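One structure is given below, encoded as structure tokens.
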Amino acid sequence: MSIPAGSNQDCNTQLARLWAEACPLLRSYVHSMVNNYEDGQDIVQQVAVRAAERFDTYDQNRHFKHWVIGIAKHIILDYYKKTKRDPLILVDPNSFNRYSEICAEEYDKLAETTPYLRRCMAKLTKRSRQLLDLRYARSLTHPQIAERLDTTATTIRVALFRIRVALKDCITRSIAMEARGS
């Protein structure tokens, strides 16, 4: 079942919503397959263009993220053919396809834990949330964060490690408590 004919505005709105939901997975997938950051960003943009061009053929019975991962697979294979570089992972098509499926499955699991993550992040100190924001939302490196906060990169690295462990423990406890309560 393809996208029903409707106004361009409706299709654009639906594409934008679906893209926003799938983009984090897509970026992770592409960057796990392509070692060069700039090339990976270019591939994500190519996927966006191709998805927009072919959105009228998107089958709503499929998960959108699986559809764009499929588009990305082909663009990544073309990338390796054009650049004559060897991919960092196995090039066996079955392995490549299975890796794509695993990425989508793991993203589904991650999406299930997002509400727990939000609650656990709310319990963090302001400083911890600031470090997470600088590292993950603003994509600063440990040395860049250290320079901003007038500390060492090692201090930042250790603090972020401890924050991630605390979040993991909080999420695990929250899931276990909810499971017991059910």
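The values are calculated or read from the model by the stated rules, or taken from the named source; none is laboratory data. Fair warning: this is a prediction, and the values are worked out from it, not measured in the lab. Heads up, the Cβs are rebuilt from the backbone with ideal geometry, glycines too, and the neighbour counts pull from every protein chain shown.
A few comments on the model shown:
- Residue in region 19-31 that is surrounded by the fewest Cβ atoms within 10 Å (Cβ to Cβ), counting only those that are in contact (Cβ under 8 Å) with a residue 12 or more places away in the chain and either of a type in the set (A, V, I, L, M, F, W, C) or not in a helix (DSSP H, G or I) (or both): Cys23
- Residue match in region 71-90 (condition: of a type in the set (Lys, Arg) and either modelled with pLDDT of 90 or more or closer than 30 Å to Asp169 by Cα (or both)): no
- Of the residues in region 92-107, at least one is in a loop (DSSP other than H, G, I, E, B), modelled with pLDDT under 80 and closer than 26 Å to Ala48 by Cα.
- Which listed residue is more than 14 Å from the chain's Cα centre (by Cα), hydrophobic (A, V, I, L, M, F, W, C) and either loosely packed, with under 13 Cβ neighbours inside 10 Å or within 15 Å of Lys73 (Cα to Cα) (or both), from Ala52, Ala16: Ala16
- Filtered residue count, region 116-170, keeping only those that are touching a residue at least 12 places away in the same chain (Cβ under 8 Å), hydrophobic (A, V, I, L, M, F, W, C) and loosely packed, with under 13 Cβ neighbours inside 10 Å: 0
- The residues listed here are Arg164, Arg129, Arg157, Arg148; of these, the one that is within 29 Å of His63 (Cβ to Cβ) and either modelled with pLDDT of 90 or more or touching a Ser or Thr at 6+ places or on another chain (Cβ under 9 Å) (or both) is Arg164.
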